[in-house]
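Each value in this text was obtained by applying a stated rule to the coordinates, not by laboratory testing. Since we're looking at a predicted model, the values are computed, not measured. Here the Cβ is made from the backbone with ideal geometry for all residues, glycine too, and neighbour counts use every protein chain on show.
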Amino acid sequence: MPIVGCEPSCLGTLTDEYLSLLGAGSAAAAVAASVQPLAALLTSAIDDGDLVLSEDSPLRGHTIAFHPHCHERAGGGPGAHLELLRRIPGVSVRELDAGCCGMAGSFGFEAEHYDISLQIGELRLFPAVRALERPSVIAASGTSCRQQIRHGTGRVARHPVSLVRSALAP
């Protein structure tokens, strides 16, 4: 049964904790071996010709500035999302070196932590986003990161998969 997970924390649980989920044995190893991030799955589909992106995408000529979720950075890096974004024809992609967004999962959603979470975002992420030349497109893999960027800068960040969807060939 295929399992698709968008959040890196879900994939980490499946790959790192599969033995406690399923017990030891070949079935557990088979599940762990078949789990891959959605970004890697889509990149393979593009490379294999099963998913075709338009050469006339509305993103052509734009720079995509990608902010990875902290868990993604800690779990091996944002390579899968960066590779997926680089498959979009006519765009340039760069990773924002902007630290943590400050949301830290549910931490920034709690009223007593909201101001602190914005202060953390103001350390590096918000200034980096404000410094982006337009027409830059902001991509962020974390739901909390996207919300924090909107709250702290007024700019909209999109999930990398959403950007790929907008570039699909008709």
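In this structure the amide hydrogen of Val137, modeled in the peptide plane, comes within under 5 Å of the amide hydrogens of Thr63, Ile64, Ala65, none closer than 5 places in sequence on its chain. Multiplying the residue separation of Arg134 and Ala104 by 0.36 nm and removing their Cα-Cα distance gives an extension gain of 8.0 nm. Extending 7 Å from Cα along the Cβ direction at Arg86 and again at Ser26 yields two label points whose distance is 3.7 nm.
Taking a ≥ b ≥ c as the square roots of the eigenvalues of the Cα gyration tensor, segment 33-153 is oblate, since a/c reaches 1.5 or more and a/b is not larger than b/c. Only DSSP H runs of four or more residues enter the estimate; each adds -39500 (n - 2.57), and after division by the residues of the chain the mean residue ellipticity at 222 nm equals -13000 deg cm²/dmol.
Can you figure out the FRET efficiency of Ala111 with His71, using R₀ = 25 Å and their beta-carbon distance, to the nearest 0.05?
Computed FRET efficiency for Ala111 and His71 comes out at 0.60.
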